[in-house]
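Quick note: the coordinates plus some simple rules give every number you see, no bench work behind them. None of these values were measured; they are calculated from a predicted model. All Cβ positions, even for glycine, are placed from backbone atoms using ideal geometry, and neighbour counts span all protein chains on display.
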Amino acid sequence: MDKEQILTRIQDCGIVAVVRAETTDEAERIVDACMEGGVAAIELTFTVPHADKVIEALAKKYSPEDIILGAGTVMDAPTARIAMLSGANYIVSPYFDLDTVKMCNRYRVAVMPGIMTVREGVMAMEAGADILKVFPGDLYGPKIIKDIKGPIPYAKMMPTGGVTADNVGEWIKAGAVAVGAGGSLTAGAKTGNYALITETAKKFVANIKEARAKL
């Protein structure tokens, strides 16, 4: 599946589940719960022990038609390449690293570097970034999306950090093409309540759909 299709599917879904876990088993259970709730875009972070192996396992477990599998917290180009070889279809970084974007473009893999300023956003776009990860989103709130789109209306942005099922509609209305959700979506894993993750995922999906219907 080429990167344009991956990007379209992520934007259609509207939410990327940021999955952090202590073990491979926990990571897989979180992913299962997210997907059951309708969140098919999964960002498995490289803070997870043996993240590359977990990505490999998920790529084997799910059909490419069912999951949009990516890697997050990718800090450099070598890690990006490892993630690709493990089965990741897109790469997400907490900050803009030129070499990482170049690596992704070399292999035509979608890339979403983190940005905090307009200057960083423009630099990332010039380097070939597909979507700008506005991070940490909770420092700004939804208004930052609208403000950046003023001078740069063609910027595609995905806020991560501070996005909840209750405020996701505000981010979508402000112009976000998708959102990234970590703890606000996967908190149930801390107590083993994976059903709560599924319930929260469904709420995210419903509220995104409702917000888009009002655009």
* Matching label, percent of Cα pairs over 31 Å apart computed from the structure shown, candidates [x] 15; [y] 30; [z] 12 -> [z]
* Asked: Which net charge results when you count Lys and Arg as +1 and Asp and Glu as -1 among the other residues whose beta-carbon is under 11 Å from that of R212?
  -> +1
* Asked: For a label point 7 angstrom out from the Cα of D2 toward its Cβ, which stretches of region 47-63 have the backbone nitrogen within less than 15 Å?
  -> none
* Which of the lysines could be linked to K53 by a straight reach, that is with a Cα gap under 19 Å, when you skip same-chain ones fewer than 8 residues away? -> K61
* Karplus 3J(HN,Hα) series, Hz, for region 93-101 with 6.51 cos²θ - 1.76 cosθ + 1.60 (x for Gly, Pro) -> 10, x, 8, 7, 10, 4, 5, 5, 5
* With the chain treated as a Gaussian network of Cα nodes joined by springs under 10 Å, which of D66, D32, D130 yields the largest mean-square fluctuation? -> D66
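Please sort 44-57, 8-21, 183-196 by packing, taking for each peptide the average over its residues of neighbouring beta carbons within 10 angstrom, highest first. Let's see the in-between values first.
Numbers: 44-57: 19.6, 8-21: 21.6, 183-196: 16.2.
So the peptides 44-57, 8-21, 183-196, ranked by packing, come out 8-21, 44-57, 183-196.
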* To do: Would you look at the GNM of the chain, springs on alpha carbons closer than 10 Å, and say which of Y95, Y140, Y107 moves the most?
  => Y107
* **Spatially proximal lysines relative to K209 (Cα-Cα < 23 Å; intrachain offsets below 8 disregarded)** => K133, K143, K146, K149, K156, K173
* Report the charge-dipole magnitude of the chain in Debye, nearest 20, computed about the Cα centre from +1 at each Lys and Arg Cβ and -1 at each Asp and Glu Cβ. => 520 debye
